[in-house]
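To start, the structure under review is shown below, and the notes come after it.
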Amino acid sequence: MADKKIIVYSAEWCPWCHKAIDFFKAKKIPFEVRDVGADQKYAAEVQQVSGQTGIPVVVIDKDVIIGFNQPAIKKALGLP
Amino acid sequence: MSGTYDVAIIGGGVAGFSAAMYCGRLKLSTLLIVESRGGTILLTNHVTNWPGIKAISGMDLATNIEEHAKEYKPDIVDAKAVKAEKTKDGFSITDADGKTYLSRTLILATGSATRKLNIPGENELENKGVHSCALCDGVFYRDKTIAVIGGSDSAVKEALLLTQWAMKVYMIYRGEKVRAEPINLERVLANEKIEIVNNTNVKEFAGNGKLEKLILDKPYKGSNEFKVDGAFVEIGRTPNSELARQLGVKLNEKGEVMINRHAETSAPGVYACGDVADTIFKQAIVGAGEAVLASYCAYEYLQGKKR
């Protein structure tokens, strides 16, 4: 799990994005936030990565998880 | 704890955590089964009708209520409750992983879900131009043209929120006049970015891989095709009352759980509060009040008091 690269595409005002960020913080798992509200480059990037226009999007290595889907995130991380 | 709880609360929104807080105050052993912490209030950008707080984000309000409830140390299980049954001494609740919990009373705070239009293209283009959360996804429509479908107070608030990003926001509503709280109606009528298209239904979301246009049931400016970059559906919500249905609790024609002024349902020992209940004014403050009543009446029920 320690080697996995995690990116959370989010926006400051998006409640489910905060939930996703809090999830990783609570578990002390390192991750990178890409703010689609602050940077248009990331807004375009998340559409390219996920093929849709909704946030949050959580990317764990090659797994692209749309929405704050805890079971899918745990599965991608190998957590119980 | 294991064994039988005094009360099991199903739902983790304002009503659920308010009930957990109050059951804690009443020294009831409390289990909270939560599919998703926060609930519908998370979709509200600014809450300005919570007494004592002039303005707070829905996220912060939900977090504050959760933290307050946790002061009383309820047991919290993050799981979807899928089955509820009456037992000899109370109730059993089973979650999606098959784990079963027992309680002597039950508070249903299961909330509501976004209602869909159920028209062609809605599922195929979901999050590809068709959305239900302006707060989450409005950012993708900077300087774009978008439509909000619906005419309720929630739809009006969504439209107002979206104007911070969009160039133009159309409100497409099947009725004659939008049904917003007066303060919000004033705001929407004064906003130059918003145009209301009334007496009109959307029949289809059309586009190749992403939303390109709406198909209307009557022409707008000479055409039934209405070009937009995005659409937000806000036509109300449906109550999550499946567990109540399983228990044989009386529901109204909308599927909402019928409660009396004590938050009691038709089944002894079962209470309901928040958006799942048949309250006419769905607001967080109302749900919190119902949750307190439900908690107190569960407490009295456990004491053997009869009204």
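Bear in mind these aren't lab numbers, they're just calculated from the coordinates by the rules spelled out. Computed from a predicted model, the values in this text were never measured in an experiment. Positions of Cβ are generated from backbone atoms using ideal geometry, with glycine treated the same way; all protein chains shown enter the neighbour counts.
Over chain B, with a Gaussian network built from C-alpha contacts below 10 Å, which listed residue (B:213, B:221, B:168) shows the highest mean-square fluctuation?
Highest fluctuation among the options: B:221.
Please order B:241, B:112 by the number of other Cβ within 10 Å, starting at the fewest.
B:112, B:241
Computed FRET efficiency, Cβ-Cβ of residue B:53 and residue B:266, R0 35 Å: what is it to the nearest 0.05?
0.50
Name the shape class, rounded, prolate or oblate, that the alpha-carbon gyration tensor gives for chain B, where a ≥ b ≥ c are the square roots of its eigenvalues, rounded holds for a/c under 1.5, and otherwise prolate holds if a/b is larger than b/c and oblate otherwise.
In terms of gyration-tensor shape, prolate.
From the residues B:69, B:23, B:286, which one has its Cα farthest along the dipole of the protein assembly as shown in the positive direction, the dipole being from +1 and -1 charges on Cβ of Lys/Arg and Asp/Glu about the Cα centre?
Result: B:23.
Report the paramagnetic label zone for residue B:210: residues of segment A:31-54 whose backbone N is under 19 Å from a point 7 Å from Cα along the Cα-to-Cβ axis.
A:35-54
Could you work out how far helix B:58-70 tilts from the main Cα principal axis of chain B, as a 0 to 90 degree angle to the nearest 10?
The helix B:58-70 is inclined about 10 degrees to chain B.
Taking a ≥ b ≥ c as the square roots of the Cα gyration tensor eigenvalues, with a/c under 1.5 meaning rounded and otherwise prolate when a/b beats b/c, else oblate, which class fits segment B:27-156?
Note, shape of segment B:27-156 comes out oblate.
To the nearest 10 degrees, how steeply does helix B:14-25 sit against the main Cα axis of chain B, on a 0 to 90 scale?
20
Which value, in debye to the nearest 20, describes the size of the charge dipole of the protein assembly as shown about its Cα centre when Lys and Arg Cβ atoms bear +1, Asp and Glu Cβ atoms bear -1, and nothing else is charged? Present the calculation step by step, with values, prior to reporting the outcome.
Values: 50 positive and 47 negative charges, 108 e Å.
That gives a dipole near 520 debye.
As a quick test, which of the pairs B:203/B:250; B:128/B:203; B:128/B:177; B:54/B:144 have an alpha carbon distance above 23 angstrom in this structure?
Pairs exceeding 23 Å: B:203/B:250; B:128/B:177; B:54/B:144.
Would you please classify the overall shape of segment B:232-286 from the alpha carbon gyration tensor, given that a ≥ b ≥ c denote the square roots of the eigenvalues, rounded means a/c under 1.5, and beyond that prolate means a/b larger than b/c while oblate covers the rest?
It is oblate, given that a/c is not under 1.5 and a/b is not larger than b/c.
Run the paramagnetic zone check for residue B:183: 7 angstrom along Cα to Cβ, then residues of segment B:46-75 with backbone nitrogen under 14 Å.
Residues passing the 14 Å test: B:46-57.
With springs only between Cα atoms under 10 Å, which of B:29, B:223, B:152 fluctuates most in a Gaussian network model of chain B?
B:223
With unit charges on the beta carbons (Lys and Arg positive, Asp and Glu negative) and the dipole taken about the Cα centre of segment B:31-168, which residue among B:38, B:150, B:129 sits farthest to the positive side?
Value: B:150.
Only four residue types carry charge here, +1 at the Cβ of Lys and Arg and -1 at the Cβ of Asp and Glu. Report the dipole size of segment A:6-68 about the Cα centre in Debye, rounded to the nearest 20.
Working: 7 positive and 8 negative charges, 41 e Å.
With only Lys, Arg, Asp and Glu charged at Cβ, the dipole is about 200 debye.
Using a 10 Å cut-off around each Cβ of peptide B:121-130, what is the average number of partner chain Cβ atoms that fall inside?
Going residue by residue through B:121-130 and averaging, the value is 2.
With springs only between Cα atoms under 10 Å, which of B:215, B:93, B:194 fluctuates most in a Gaussian network model of chain B?
Between B:215, B:93, B:194, it is B:215 that shows the largest mean-square fluctuation.
Treating the beta-carbon of each Lys and Arg as +1 and of each Asp and Glu as -1, no other charges, what is the dipole magnitude of chain B about its Cα centre, to the nearest 20 debye?
460
What pairs in B:193/B:227; A:74/B:116; A:4/A:25; A:19/A:75 have C-alpha atoms more than 20 Å from each other?
Beyond 20 Å: A:74/B:116.
Which residues' amide hydrogens lie under 5 Å from the amide hydrogen of residue B:147, considering only partners 5 or more residues apart or on another chain, with H built in the peptide plane?
B:170, B:230, B:231, B:232
For segment A:4-20, just list the computed ³J(HN,Hα) in residue order, Karplus coefficients 6.51, -1.76 and 1.60, θ = phi - 60°, integers in Hz, with x standing in for Gly and Pro.
Running phi through 6.51 cos²θ - 1.76 cosθ + 1.60 with θ = phi - 60° gives 6, 8, 10, 10, 10, 7, 8, 9, 4, 8, 8, x, 5, 5, 4, 4, 5 Hz.
Please give the helix B:153-162 orientation as an angle from the longest Cα principal axis of chain B, in degrees from 0 to 90, rounded to the nearest 10.
Here the helix axis deviates by roughly 60 degrees.
Averaged over B:131-141, how many beta carbons belonging to a partner chain fall within 10 Å of each residue's beta carbon?
What the average comes to for B:131-141 is 6.
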